[in-house]
Amino acid sequence: MAEKGKEKENGKPLEEVVKEKVKKEALSWGEWVRGWFYLAYEMLFQRIVACNLENPMPLPPINDLTYIVTGSTSGIGKEIARQLAEAGGHVVMAVRNTKAANDLITKWQEEWSGKGLPLNIEVMKLDLLSLDSVVRFADAWNARSGPLHALINNAGIFSIGEPQKISKDGYEEHLQVNHLAPALLSVLLLPSLIRGSPSRIVNVNSIMHYIGFVDPEDMNVTSGKRKYTSLVGYSSSKLAEVMFSSVLNKRLPAEAGINVVCVSPGIVQTNVARDLPKIVQAGYHLIPYFIFSPAEGSRSALFAATDPQLGELCEALKAEDWPVCAFISHDCRPANPSEEAHSVETAYKVWEKTLEMIGLPSDAVEKLIEGQEVECRYGGSSQSQ
């Protein structure tokens, strides 16, 4: 008979077995407090921490390199698109409102007139609230058989204070726009990213992923186990993006030449503020020193998309079997994602559930890397290299 306190099951101490069987259903109080501390610290000190960065940030030579930027008609995305184009890149504005994008291009071309060659920038339709639209966009782009050097998944939503909304695809809107649609786009564009190798997938994330929690069995937050709020929807979607990005980065072989990076833009004054309560909007105007402009908020994504040495960091992390992908902070330096983001078991469950939700087979990445066709249930599309 085993000694008291030494009972075992399958060779493991019973205490460990019990812990493994107890499913985590929320962040611990310690994780939750630390997450809010990081948020407060970033708001109060982000400008001091990033004081060495120029605005706008100088970019390395990017002539003839192609960049797709989602959500590029306003805020951070608009700055990313404009600065990449002015630096000589070929920029594709992947947006829902194509008229607004074309109006911006006309304005930028007029302002740029006389400074050099016309900006190499174009518009393509993309609606992240429709997975069919994502597939159509990827089909249209891959059909060009040209290279893609960086996909910048910038578009996102934070419907502050709004009730839960479900997309026509059946998914909570924060989850779809901030995670599912960018994940689908990233995988389907792998053939073009391979042609542009060395290339990158840059996901504009948020410091708010530190207070996020993902239940792979309830990613829509509809089971009732957790009360839905817009904060829960947003922070959870951003954490899911980090987890999916980390697994995707591991599954991409070195010979593919594609690295996956998440970035935090800092606390930025963007169109999100228009949905805030009026008292909070007033606060934004009262403390402009602490809040980044969209141009300042774009620096981490621009750095991640163009810095020639960042690939070495990504490969080093992969070689060291670091559990998360590279994460670049608002000061353009490597940072450590949240403790929850390091949960390898949860990350792989999020990976598997995400592929199921976006209609891709579990071996989609491997097939696309090998140049094989992959069927997606959205749009009935097949992608091949």
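Points to keep in mind about this one:
- Boolean, Leu368 is buried (at least 22 other Cβ atoms within 10 Å of the Cβ), modelled with pLDDT of 95 or more and over 28 Å from Phe213 (Cα atoms): yes
- Among the residues of the range 335-355, those that are surrounded by 14 or more Cβ atoms within 10 Å (Cβ to Cβ) and of a type outside the set (A, V, I, L, M) comprise Pro337, Ser338, Glu339, Glu340, His342, Ser343, Thr346, Tyr348, Lys349, Trp351, Lys353, Thr354.
- Ala326 vs. criteria surrounded by 16 or more Cβ atoms within 10 Å (Cβ to Cβ), touching a Leu at 6+ places or on another chain (Cβ under 7 Å), farther than 30 Å from Lys168 by Cα and touching a residue at least 60 places away in the same chain (Cβ under 8 Å): yes
- From the list Arg200, Arg96, Arg195, the one residue that fits, being closer than 21 Å to Thr270 by Cα and either in contact with a Leu (Cβ under 8 Å, 6 or more places away or on another chain) or modelled with pLDDT under 95 (or both), is Arg96.
- Pairs are defined by a Cβ separation below 6 Å, a sequence spacing of at least 6 or placement on different chains, a first member in the range 177-202 that is among the charged types (D, E, K, R), and a second member that is surrounded by fewer than 24 Cβ atoms within 10 Å (Cβ to Cβ); the pairs so defined are Arg195/Pro147.
- Test set (1) without any contact (Cβ under 8 Å) to a residue 12 or more places away in the chain; (2) not in a helix (DSSP H, G or I) - Glu255 fails condition number: (2)
- No other residue among Glu25, Glu54, Glu42 is within 19 Å of His330 (Cα to Cα) and surrounded by fewer than 16 Cβ atoms within 10 Å (Cβ to Cβ) apart from Glu54.
- Subset tally (residues that are outside any strand (DSSP E or B), in contact (Cβ under 8 Å) with a residue 12 or more places away in the chain and either touching a strand residue (DSSP E or B) at 6+ places or on another chain (Cβ under 8 Å) or closer than 30 Å to Arg96 by Cα (or both)) for the range 51-76: 16
- Of the residues examined, Asn102 is not one that is among the polar types (S, T, N, Q), touching a residue at least 60 places away in the same chain (Cβ under 8 Å) and more than 21 Å from Ala150 (Cα to Cα).
The values are calculated or read from the model by the stated rules, or taken from the named source; none is laboratory data. Quick caveat, the model's predicted, so the values are computed rather than measured. Every residue, glycine among them, receives a Cβ derived from its backbone with ideal geometry; neighbour counts consider all protein chains shown.
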